[in-house]
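Q: Questions regarding the structure given below will be posed in turn.
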Amino acid sequence: MDVIIIAVPVDKTKNVVLEVLNNISEDTLVFDVGSTKENVCNAITNHPKRKNFSCAL
C-alpha cells in the first residue's frame, strides 16, 4: 500500500486532495495534516475514491 500525506495551506487542501484522488490507485491511502477537514470531506463525499482519504472530523 502506498501512503500520500498532503501538507499544504488549508485553503489549497480541497483542490490538492481532489487532484490526488483523481490520480491514485485503489490501494493508496491519502490523508492530510491540515487543521480543518470539514470542507475537504464535504467536497469529496461522492468521489469514487472517497474511501482512500481519511476524514476524521
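Q: Go through segment 8-54 residue by residue and tally those that are small (Gly, Ala, Ser) and modelled with pLDDT of 95 or more. Step through it out loud before you land on a result.
A: From segment 8-54, those small (Gly, Ala, Ser) are 25, 34-35, 43, 54; that's our starting set.
Subsequent filtering for residues that are modelled with pLDDT of 95 or more retains 25.
Adding up the residues that qualify gives 1.
Q: For segment 1-40, which residues satisfy the criterion of being polar (S, T, N, Q) and not in a strand (DSSP E or B)?
A: Just the residues of segment 1-40 that are polar (S, T, N, Q), to begin with: 13, 15, 22-23, 25, 28, 35-36, 39.
Passing the criteria: THR13, ASN15, ASN22, ASN23, SER25, SER35, THR36, ASN39.
Q: Can you tell me which residues in segment 23-35 are over 14 Å from ASP2 (Cα atoms) and surrounded by 13 or more Cβ atoms within 10 Å (Cβ to Cβ)?
A: Residues of segment 23-35 that are over 14 Å from ASP2 (Cα atoms), as a first pass: 32-35.
Correct list: ASP32, GLY34.
The values are calculated or read from the model by the stated rules, or taken from the named source; none is laboratory data. Just so you know, these numbers come straight off a predicted model, no measurement behind them. Reconstructed Cβ throughout: ideal geometry from the backbone, glycine too, with neighbour counts over all protein chains shown.
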